[in-house]
Amino acid sequence: MHIFIATVTAFLLGATASLSLAGQDRAADLRSRFEHETNPIQKAKLMPDLGEAEFQQIRREVDQYHFSAAVDLLRDYDAQVGTCVKGLESMNLNPEKHPTGFKQLQISVQEALRRIDGLLAGMTGEEQAPFLEIRKDLDKVNRRLMDELFPGQTSPSKAPKAVQ
């Protein structure tokens, strides 16, 4: 019976390591595609998949209490978002009329905000600080993209104040 348990345990550990490596390979592949892509719209369209793969790595780092490594990965994601924003801006498109790229970027950023919120729950205030700084930056990008994709609609930042 002990041999069976040892065999199953070894199999599960091996499978977990394989999945972790596969996730890292996927993230590395997507990062490479992102870096080599020259079309800003295509670059932005990669962001939902790239963000998902990178946040899997970020989650693993946080789960292992490697907060500085997780913050470094999150900074990389934030930089990728910035690259997309600059690239899309350079095209002088109207996001409301031509949402491709803008929409995928906004979805990725919105999902990143949700994921960061999930990471923060188990951290101390000191551990949260660098994550919150990046979150603040991503929230600004998200609000801006929402305003550009849906102009004229009231966003939380533009909502009228309640009369007292």
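The values are calculated or read from the model by the stated rules, or taken from the named source; none is laboratory data. Nothing here was measured: the structure is a model prediction, and the numbers come from that model. Neighbour counts are summed over all protein chains in view; Cβ atoms, including those assigned to glycine, are modelled from backbone coordinates with ideal geometry.
Numbers below:
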read-out	value
Matching entry among Ser157, Ser90 (being farther than 22 Å from Ala27 by Cα and at pLDDT 95 or above)	Ser90
Positions within the stretch 99-133 being of a type in the set (D, E, K, R), closer than 12 Å to Glu52 by Cα and touching a residue at least 24 places away in the same chain (Cβ under 8 Å), in sequence order	Glu111, Arg115
Hits in the stretch 102-127 - residues which are β-branched (Val, Ile, Thr) and surrounded by fewer than 17 Cβ atoms within 10 Å (Cβ to Cβ)	Ile107, Thr124
Among residues of the stretch 74-101, those that are of a type outside the set (Val, Ile, Thr) and either part of a loop (DSSP other than H, G, I, E, B) or buried (at least 20 other Cβ atoms within 10 Å of the Cβ) (or both), counted	15
Any hit, the stretch 83-96, residues being in contact (Cβ under 8 Å) with a residue 12 or more places away in the chain and farther than 21 Å from Pro151 by Cα	yes
Condition broken by Lys136, with the remaining ones in (1) free of Cβ contacts under 8 Å to residues at least 24 places away in the same chain; (2) not in a helix (DSSP H, G or I) satisfied	(2)
Total residues in the stretch 110-152, condition β-branched (Val, Ile, Thr) and closer than 15 Å to Ile58 by Cα	2
Among the candidates Ala15, Ala53, Ala27, residue that is surrounded by 10 or more Cβ atoms within 10 Å (Cβ to Cβ) and modelled with pLDDT of 95 or more	Ala53
Which listed residue is at pLDDT 95 or above and either in a helix (DSSP H, G or I) or farther than 24 Å from Ile41 by Cβ (or both), from Gln164, Gln104	Gln104
